[in-house]
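The values are calculated or read from the model by the stated rules, or taken from the named source; none is laboratory data. Because the structure is predicted, anything quoted here is derived from the model rather than measured. Backbone-built Cβ (ideal geometry, glycine too); neighbour counts: all protein chains shown.
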Amino acid sequence: MIVTGVDVGSLSAKALIMEDGTIRGWSIIFTGTDSVESANSAMRLALEESNVSPSDVQYTVATGYGRVNVPFAQATVSEISCHSKGSHWLFPEVRTILDMGGQDCKAIRCDENGRVIDFAMNDKCAAGTGRYLERAAATLRLGLEQIGPLSLERVEGPLSISSTCAVFAQNDIVKLMREGKQVNDILAGATDAIVDRISALLERVDVEEDLCISGGVAKNIGVVKRLEEKLGLKARIAPEPQVVGAIGAALFARDRAAKAAARI
Amino acid sequence: MITAGIDVGAENTKIIILSDSGILSDTVVCLGRGDAQSNALRGLGKATQVADIVRSDIEYVVATGIGSKYISFADEQATESSCCARGVTWLLPSTGTVIDMGADKCLVVKCKHGRPLNTVRNDRCAAGTGRFLEIAAKPLGLDVGEMGQLALKSREDVDIESTCAVFAESEIISMIHSKHRPEDISWAVFKGLARRVYTMILKVGFERDLAMVGGLTKNVGMVKAIEEQAGCHILIPEEPIVVGALGAALIAAEKNKASFETPIGSSGKLDDSGASQQ
């Protein structure tokens, strides 16, 4: 049985094809201005990637910010549930999940079956999301993939960025640049600041091991290393942390398709 | 007695020179090109020229604003809320609550007899400050003033849901893509910021009349949006930018107890306003 999960986030759309409990393929594309179009092209790409024709797909579940705009989905499930289910499927020992994307940050606690017990979420303020780092990187004229490693290579002492707000922090960064501070040290300061915000969010749900980090920011080694140090644990990270939500959606699709089949 | 008030803001330094007969120097605003101290000295030089006095005529200097601690020649520093309350009550005696909106901060002060009773301040989050407007105006290809003018022409009521300035920027970009008119988006921006300011007004304890000072007072869209949100008319002094500096100069004048009886006609006005509020 072939099922699919689509996760339409604020910055990227993810589609994943699953056949009898194994992943056949996936795609990640930038979300354009049209979320219907983004969902369509993500799915087209994932189907091509997995060599599956659209007519073979039995059930599709959509999740994420733009989940209501996925025309070919039979159902929608919240991204909290999908991340919880996806992480638990990848790492059955996981009890706490941090999902950090471009526009929000979620801390989720789940039970041994991957069901959500509690969650805390920030989607109101850019200061605790990937967007903060994106702006910091842009101000320093660096690519997103560069900033993680650089933030770990301190040249001098750590610099502190006192503004919480992503907009005001940008001023702080410009000021530090003008003072001739090292880019690495500035990045270290910005990463320290965001890790403080993330761990405060995590504390609201009580971290219980194992911790799984998903979402685009899981690819930032500077954030992951700092967080591990701060919490005193080792985080589990999927080979492709951006599709964990889509995996969860595909698993919900599998369950629902099976239930529907049983009813018939 | 001649005193000076210096208000060192995020963008501009404002200076007022005051004598017993009133304001001597009009408005002197100095763009913050150099450090706070040299900006203030430059401004003070200009102000003494306008006032036709020499530096040594100034008996007392009070500095306020975020950069006030850098003004080493000031005799004293005063908080922004004291200066704001003092200045606005002198100009508009019926003021009960005053909003001071600048580039990087927003201050709401409830005042009585020219003194601050309660203050709510935001300089931590761009969402409630002028910076929000700057960020919003950029994708529209406008400056903040133009956006204010345009907002008045809005015909369709839309809303920006994001509070955060960073998220609002993306929301505005998608609104432009989905063919919302710039005038409607502009009005939505001002409405969003006005909602934030109004929560601050409620937090401080809304007391009429409502007055507004600071750089953003010159923006017609901003004033109208807050008026609609608060459901009342907003009093605006003629020179809203220098109210903090004026308050500082008034505080400086009060330092001389002897001149307190007659100064600048201010004490009489203050008493009147107090009586009318009760």
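The table that follows gives values for the structure above.
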{"quantity": "Residue in segment A:12-30 that is surrounded by the most Cβ atoms within 10 Å (Cβ to Cβ), counting only those that are out of contact with any Asp or Glu (no Cβ under 9 Å at 6 or more places or on another chain) and of a type outside the set (D, E)", "calculated": "A:M18"}
{"quantity": "Subset of segment A:163-213 that is farther than 23 Å from A:K225 by Cα and of a type in the set (D, E) - its residue that is surrounded by the fewest Cβ atoms within 10 Å (Cβ to Cβ)", "calculated": "A:E179"}
{"quantity": "Verdict on A:D104 being among the acidic types (D, E), buried (at least 19 other Cβ atoms within 10 Å of the Cβ) and assigned by TED's automatic domain parsing to the domain that holds A:E209", "calculated": "yes"}
{"quantity": "Tally, over segment A:226-264, of residues that are free of Cβ contacts under 8 Å to residues at least 12 places away in the same chain and polar (S, T, N, Q)", "calculated": "0"}
{"quantity": "Conditions (1) small (G, A, S); (2) in a strand (DSSP E or B); (3) assigned by TED's automatic domain parsing to the domain that holds B:G65: number failed by B:A248", "calculated": "(2)"}
{"quantity": "Criterion violated by A:R197 - all others in (1) within 14 Å of another protein chain (Cβ to nearest Cβ); (2) assigned to a loop (DSSP other than H, G, I, E, B); (3) of a type outside the set (V, I, T) satisfied", "calculated": "(2)"}
{"quantity": "Subset of segment B:30-76 [more than 11 Å from B:D7 (Cα to Cα) and hydroxyl-bearing (S, T, Y)]", "calculated": "B:S38, B:T48, B:S56, B:Y60, B:Y70, B:S72"}
{"quantity": "Set B:I66, B:I71: member being surrounded by fewer than 19 Cβ atoms within 10 Å (Cβ to Cβ) and not assigned by TED's automatic domain parsing to the domain that holds B:L202", "calculated": "B:I66"}
{"quantity": "Segment B:208-223: number of residues that are of a type in the set (G, A, S) and out of contact with any strand residue (DSSP E or B) (no Cβ under 8 Å at 6 or more places or on another chain)", "calculated": "1"}
{"quantity": "Matching residues in segment A:104-162 - criterion: being within 14 Å of chain B (Cβ to nearest Cβ) and small (G, A, S)", "calculated": "A:A126, A:A127, A:G128, A:G130, A:A136, A:A137, A:A138, A:S162"}
{"quantity": "Positions within segment B:206-234 being in contact with a Lys or Arg (Cβ under 6 Å, 6 or more places away or on another chain) and of a type in the set (D, E), in sequence order", "calculated": "B:E207"}
{"quantity": "Filter result (of a type in the set (S, T, Y) and surrounded by 19 or more Cβ atoms within 10 Å (Cβ to Cβ)) within segment A:77-93", "calculated": "A:S81, A:S84, A:S87"}
{"quantity": "Residue selected from segment B:116-128 under the condition out of contact with any helix residue (DSSP H, G or I) (no Cβ under 6 Å at 6 or more places or on another chain) and more than 20 Å from B:C232 (Cβ to Cβ), by the criterion surrounded by the most Cβ atoms within 10 Å (Cβ to Cβ)", "calculated": "B:C125"}
{"quantity": "Total residues in segment A:200-235, condition part of a helix (DSSP H, G or I) and among the small types (G, A, S)", "calculated": "4"}
{"quantity": "Lone qualifier among B:A85, B:A103 - being in contact with a helix residue (DSSP H, G or I) (Cβ under 9 Å, 6 or more places away or on another chain) and either closer than 18 Å to B:N12 by Cα or of a type in the set (D, E, K, R) (or both)", "calculated": "B:A103"}
{"quantity": "Members of segment A:136-162 that are more than 20 Å from A:G102 (Cβ to Cβ) and without any contact (Cβ under 8 Å) to a residue 24 or more places away in the chain", "calculated": "A:S162"}
{"quantity": "Residue list for segment A:163-186, restricted to those being within 14 Å of chain B (Cβ to nearest Cβ) and either closer than 22 Å to A:D99 by Cβ or of a type in the set (D, E, K, R) (or both)", "calculated": "A:T164, A:A166, A:D172, A:K175, A:R178, A:E179"}
{"quantity": "Residue match in segment A:236-245 (condition: closer than 16 Å to A:S81 by Cα, part of a helix (DSSP H, G or I), hydrophobic (A, V, I, L, M, F, W, C) and within 18 Å of the chain's Cα centre (by Cα))", "calculated": "yes"}
{"quantity": "Test: A:V77 is in contact (Cβ under 8 Å) with a residue 12 or more places away in the chain and of a type in the set (V, I, T)", "calculated": "yes"}
{"quantity": "Within segment B:83-180, strands (runs of 3 or more DSSP E) holding 3 or more residues that are away from chain A (no Cβ under 13 Å) and touching a Lys or Arg at 6+ places or on another chain (Cβ under 7 Å)", "calculated": "B:115-122"}
{"quantity": "Of all residues making up segment B:142-164, the number that are free of Cβ contacts under 8 Å to residues at least 40 places away in the same chain and among the hydrophobic types (A, V, I, L, M, F, W, C)", "calculated": "3"}
{"quantity": "Sole residue being aromatic (F, W, Y) and not assigned by TED's automatic domain parsing to the domain that holds A:I2, chosen from A:F252, A:F168", "calculated": "A:F168"}
